[in-house]
Amino acid sequence: MRKLRWVRDDDGLWDLDRSTPATLNGIARPVPSDPIPSVLGLSRGIRLSRPKQVDFFQRFMFMPFVPSYSLHTPHPQSPPGFSLQRVFSLPTFALDRWFGTVLGQFNLQKLVSGIKKNGFRQPTRQSPWFQSVAEHLSDKSLYAVDLCSEFYLTPDDSLLLSLESYGYDDYKTPRKKAVFHHKFPCHNLTLEAASPGLFVDKDGTFYDVPLTMAVDLASVSSSDSGPSYHICINHNAGPPKKIGSQQNDDATVASLQPGLSATTAFSFKNSIDVWRSRAPKLKMVQPYDIFLSNPHISATGIIGCVMTACFGDNSVRAPRGDGSKGFGLGVRRGNCALLADSFATVSLSAQHGTFQKMFLDLTRFQAVLDFPSGSTFFSGAASLANDVYNSRAPNLQAIQDICPNTTLSLHQQLVGPFSLRVDSGVELDFKKGESERVLKVKDPVFAVEYALQVLGSAKAVAWYSPRQQEFMMELRFFET
């Protein structure tokens with residue numbers, strides 16, 4: 001479900017769109033965390049659209065269909081299962097600044113289930129066997145279509161328009177999306193509008209917002225260290241609806257309620273090399289990935305603050321009155337609210353091998369410790385110190401509050417351009433009984449990568465999430 005997010009992200013703690021095969025465009029926006037967003041909901045880099053990814057698989061990797069599997073679906077009438085995708089490129093008429101595609105999806109598992117359930121009719125002269133097959137294939141619910149147009153207005157401007165439609169009789173509302181990107185010399189500007197907007201929370205539950213619009217301005221740094229900032233303005237119109245439920249789920253997702261919110265975040269990042277190999281690389285041998293060809297041990301630290309102003313029903317996530325406490329702030333007056341907090345992250349990366357040889361020439365380990373809320377951390381630390389000072393048993397909730405969100409990642413080359421990647425969260429849970437494990441593995445994701453050596457730093461990734469029971473193939477560029 002989630003992005004198979006690499007532990008060391010250039011953007012630090014920013015929320016990124018989550019990859020999911022449950023939709024045709026392959027992404028869903030994360031539900032902002034409460035009470036403080038985890039940091040910005042729209043802060044993410046520009047990446048290849050899903051139709052372009054499928055087109056690349058077809059053209060250059062000779063795959064007639066791109067498979068995917070999803071147990072969950074954002075549409076209650078859509079059966080989960082194994083699907084096949086294929087894209088058809090529209091003629092450009094020598095227009096290099098336009099790319100149009102029709103992305104089709106066929107639910108193969110539902111077809112097989114329908115055949116097993118209803119069976120084939122015995123062929124006769126009046127009703128041959130292919131008519132029985134045609135009846136099964138004529139089921140509109142087997143198909144979904146996404147019409148996508150990408151306009152390259154200038155070298156620094158792009159506009160994406162998409163229309164996603166499903167063949168279910170009970171689902172007549174198509175998904176519409178428009179995304180505009182502009183590159184400034186030191187900033188990236190993103191404008192996005194979606195109707196309905198699709199969100200997913202940390203438990204994999206989907207929500208539809210009738211209309212969502214967002215403007216995001218993010219600074220771009222040319223170095224591994226230094227300051228950065230993000231500014232995001234988001235507007236939601238209409239109450240959120242939990243997918244699969246006929247009623248609006250108002251109490252669960254306060255951050256998705258109708259209203260306007262403005263979020264700004266500032267952070268400072270510093271990276272240091274504990275050790276970096278100076279040994280010469282193999283001559284006349286290009287690494288499978290140039291960004292994964294330097295053995296090293298390095299550490300990165302990020303510290304910052306975030307502030308959100310809410311106007312509308314989404315202000316219910318802040319407490320009434322003056323809720324300032326420690327290093328956090330939560331103030332609510334009527335339908336207006338102000339939220340502020342600090343955050344920090346510490347990451348460690350270690351790599352052995354230059355990814356040039358045929359076998360086992362890359363072993364990479366990464367770990368990140370995220371402290372998403374400074375107020376929660378300092379409040380827990382103060383409570384724990386008070387218990388120790390007064391010779392009381394430590395409060396388990398206080399211990400839980402000071403523990404960071406830990407993510408571990410292991411990357412191992414198998415043979416040639418093929419490598420295996422495992423990405424998983426680890427958390428301490430003191431709320432369980434003594435018979436339960438305190439240390440838990442959270443949301444593991446397994447991936448097989450195929451490095452596209454000719455492109456310098458690109459890879460085809462096939463990943464599977466056991467918890468969400470999702471499988472998907474993607475293209476990734478310039479990831480470390």
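At pLDDT below 90, of a type in the set (S, T, Y) and part of a helix (DSSP H, G or I): which single residue out of S113, S43 fits that description?
S113
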What residue, of K269, K281, is among the basic types (K, R), closer than 24 Å to P227 by Cα and either under 25 Å from the mean Cα position of the chain (by Cα) or assigned to a loop (DSSP other than H, G, I, E, B) (or both)?
K269
Any chance you could count how many residues in segment 419-475 are of a type in the set (G, A, S), at pLDDT 85 or above and in a loop (DSSP other than H, G, I, E, B)?
2
Among what's in segment 133-152 and is of a type in the set (G, A, S) and closer than 17 Å to R50 by Cα, pick the residue that is modelled with the lowest pLDDT.
A144
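Do the conditions hold for S162, that is, is it under 30 Å from G226 (Cβ atoms), modelled with pLDDT of 90 or more, among the small types (G, A, S) and touching an Asp or Glu at 6+ places or on another chain (Cβ under 8 Å)?
no
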Condition test on L217, is it of a type in the set (A, V, I, L, M) and over 20 Å from E150 (Cβ atoms)?
yes
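The values are calculated or read from the model by the stated rules, or taken from the named source; none is laboratory data. Note that the structure is a prediction, hence the values are computed from the model and not measured. When we count neighbours, we look across all protein chains shown, and the Cβ atoms used for this are built from the backbone with ideal geometry, even at glycine.
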